[in-house]
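The values are calculated or read from the model by the stated rules, or taken from the named source; none is laboratory data. For clarity, every value in this text was computed on a predicted model and none was experimentally measured. Quick reminder, even Gly has a Cβ in these numbers, built from the backbone with ideal geometry, and neighbours come from all protein chains shown.
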Amino acid sequence: MSKQKPNYFCEACGEQVDKWDIRCPHCGKQFDSIKCPQCNYSGNAQEFSNGCPSCGFMSEEQKKAAAIRNKTAQTKTRTLNLPSPQSVNTGGRILLVAVLLALIAGLARWISLLAA
């Protein structure tokens, strides 16, 4: 014998609604509280974002939504860890300038030979 699923109805218009609806899709009334179908805990929708705060009950739709939220949160929090830059000492800077000057001088010489 299978267990019958409970039905949920809007207090304002009496139409059937989904158990996790925050607003009635028929008349637009916002529901002030949600009731857990397992333990009957009542609270606002934000309290139920990760399942029932009392017993932990979570519908399949909530489980899928939570998995998507967690995956998105993990993607957003990933950072690229770059190594910290190493400082160059004065001798290294002088050597770098000397090499650059030598390259510029060599390039100038090639240009003058090609122009002649």
Exercise for review: Show the residue pairs that are 6+ apart or on different chains and have beta-carbon atoms under 6 Å apart, the first residue being within the stretch 38-59 and in contact (Cβ under 8 Å) with a residue 40 or more places away in the chain, the second being outside any loop (DSSP other than H, G, I, E, B).
Suggested key: none
Check your understanding: Which ones in the stretch 17-41 are at pLDDT 85 or above, part of a strand (DSSP E or B) and basic (Lys, Arg)?
Key -> Arg23
Practice item. Restrict the check to the stretch 52-68 and report whether at least one residue is in a strand (DSSP E or B), modelled with pLDDT of 75 or more and within 19 Å of Lys5 (Cα to Cα). Key: no
Check your understanding: All but one of (1) surrounded by 14 or more Cβ atoms within 10 Å (Cβ to Cβ); (2) at negative phi hold for Thr72; which doesn't?
Key -> (1)
